[in-house]
Amino acid sequence: MEVPFNRLQLAGPELDNIREAIELQQLSGDGSFTERCQTWLAGQIGAKAVLLTHSCTAALEMAAILIGIEAGDEVIMPSFTFVSTANAVVLRGGIPVFVDIRPDTLNLDDTLVEAAITSRTKAIFPIHYAGVPAEMTPLCEIAERRGLMVVEDAAQALGSSYQGRPAGSFGQLSAFSFHETKNIISGEGGALAINDPALLERAEIIREKGTNRKKFFRGAVDKYTWVDIGSSFLPGELIASFLYGQLQHADSITRDRRSNWTAYDDALRRFQNRGLKTPQIPAHCVHNGHLYYIVLPTPELRTELIQRMAADGIATPFHYVPLHDSPAGKRYARAHGDLPNTVDLSARLVRLPLYPRMDGAVDRVVETLSGHLDQML
Ligand SMILES: *Cc1c(COP(=O)(O)O)cnc(C)c1O
């Protein structure tokens, strides 16, 4: 593809940071770069603490352990999400319960959540699709009233905010991703933000293979031993040093992505009255320019557009085969109702190339796409 969907862009300090980590003789996890990333992220998110993980998937798995998901426990989440949101629950023996999405943001429909709660419901896992926050005020109000935990899948939402508060600061826990396809990257990478201080000590143990290693190094206990279940959820310092280089330039990365996002939006909104749906950002939400999508009037037009764009060298992938319709989703989860918005919108959506410093590529995508939409709509 001449214009790929995503392109790696170094922010600047990454390679020097990696060299510094090697010179410090720190390759395993929890060295000085991990510490710097965690401090930066906790400040940005406004979290009590942040622990780096090797992926958002790992952070979600830690969250499922920390909130005590057990066999038969139910967790409400959208079907329109990445598999890791659901897998984290299933790995504990829990049951994802899929609730439909709102047509404006494609996020969990807060007005349908209450009806999906049963005596087995333990938590709500909203995601912030495309970096646009879910309706956290009503979701947290329901959770509080019904005694449920909230874990935000904030994989796409670093730098986004809802009613002036950072995405990831609402749930007891929230999970971020630094996968190569996200805004701030380290190839593979993630973080667990901890907003409920009561969960911090156990989180440190679970992340360190179920040992009290962290307390031992702080001098708080005199031996280092196996105290709980756990796994190796932490990244090495080479990853953390690369990530810190990105975080040092997070503001300009976000600004660049948002300006590309806005260029798409300014050019494509004119097709709304011909049946094209473009993203709607609620007035109380600030997004981070993670993803620009369009929704074609029919699935057939989507297929045609993807083919036309590919023939012109431009990648426009679709997104999320709904989980309730997947083989594992049918085996391990259940849907609350028919999920009409999920089924309909996921069949008509395509994503446009978006990465920092796209230079002329934005204009090229806009011109090519507008030409096809003029013929098709
Ligand atoms: C990318 C993504 C994940 C997984 O992130 P990894 O860091 O690759 O594990 C989970 N949930 C959502 C919503 C995502 O977009």
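The values are calculated or read from the model by the stated rules, or taken from the named source; none is laboratory data. All values reported here derive from a predicted model rather than from experimental measurement. We place every Cβ from the backbone using ideal geometry, glycine too, and count neighbours over all the protein chains shown.
Below is a table of values for the structure above.
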| quantity | calculated |
| --- | --- |
| Those residues of segment 294-325 which are free of Cβ contacts under 8 Å to residues at least 40 places away in the same chain and of a type outside the set (Asp, Glu), in sequence order | 303, 307, 311, 318, 319, 321 |
| Matching option when the condition is touching a residue at least 40 places away in the same chain (Cβ under 8 Å) and either in contact with a Lys or Arg (Cβ under 9 Å, 6 or more places away or on another chain) or farther than 22 Å from residue 254 by Cα (or both), among 134, 116, 143 | 116 |
| Residue within segment 107-127 that is within 13 Å of the ligand (Cβ to nearest atom), touching a strand residue (DSSP E or B) at 6+ places or on another chain (Cβ under 8 Å) and over 24 Å from residue 66 (Cβ atoms) present | no |
| Within segment 192-213, considering residues that are part of a helix (DSSP H, G or I) and without any contact (Cβ under 8 Å) to a residue 24 or more places away in the chain, the one farthest from residue 37 (Cα to Cα) | 198 |
| Segment 309-362, residues that are part of a strand (DSSP E or B) and within 14 Å of residue 100 (Cβ to Cβ) | 334, 335 |
| Scan of segment 243-276 for residues that are in a loop (DSSP other than H, G, I, E, B) and farther than 30 Å from residue 17 by Cβ, ordered by number | 275, 276 |
| Search result, residues across segment 128-138 that are more than 14 Å from residue 280 (Cβ to Cβ), out of contact with any strand residue (DSSP E or B) (no Cβ under 6 Å at 6 or more places or on another chain) and away from the ligand (no atom under 15 Å from the Cβ) | 137, 138 |
| Residue under evaluation residue 291, criteria (1) hydrophobic (A, V, I, L, M, F, W, C); (2) out of contact with any Gly (no Cβ under 7 Å at 6 or more places or on another chain); (3) touching a residue at least 12 places away in the same chain (Cβ under 8 Å), criterion not met | (2) |
| Scope segment 68-88; condition hydrophobic (A, V, I, L, M, F, W, C), surrounded by fewer than 24 Cβ atoms within 10 Å (Cβ to Cβ) and either in contact (Cβ under 8 Å) with a residue 24 or more places away in the chain or over 24 Å from residue 322 (Cα atoms) (or both); matching residues | 82, 83 |
| Residue check, residue 208 more than 16 Å from the ligand (Cβ to nearest atom), surrounded by 24 or more Cβ atoms within 10 Å (Cβ to Cβ) and modelled with pLDDT of 95 or more | yes |
| Any hit, segment 165-184, residues being over 15 Å from residue 45 (Cβ atoms), more than 13 Å from the chain's Cα centre (by Cα) and either away from the ligand (no atom under 12 Å from the Cβ) or in a loop (DSSP other than H, G, I, E, B) (or both) | no |
| Subset of segment 239-270 [of a type in the set (A, V, I, L, M, F, W, C) and surrounded by fewer than 19 Cβ atoms within 10 Å (Cβ to Cβ)] | 250, 263, 267 |
| Pick from segment 15-50, criterion closer than 24 Å to residue 288 by Cβ, of a type in the set (Gly, Ala, Ser) and in contact (Cβ under 8 Å) with a residue 40 or more places away in the chain, ranking: surrounded by the fewest Cβ atoms within 10 Å (Cβ to Cβ) | 46 |
| Hey, residue 159 free of Cβ contacts under 8 Å to residues at least 40 places away in the same chain and away from the ligand (no atom under 11 Å from the Cβ) or not | no |
| Some residue of segment 31-40 being more than 16 Å from the ligand (Cβ to nearest atom), acidic (Asp, Glu) and part of a loop (DSSP other than H, G, I, E, B) | no |
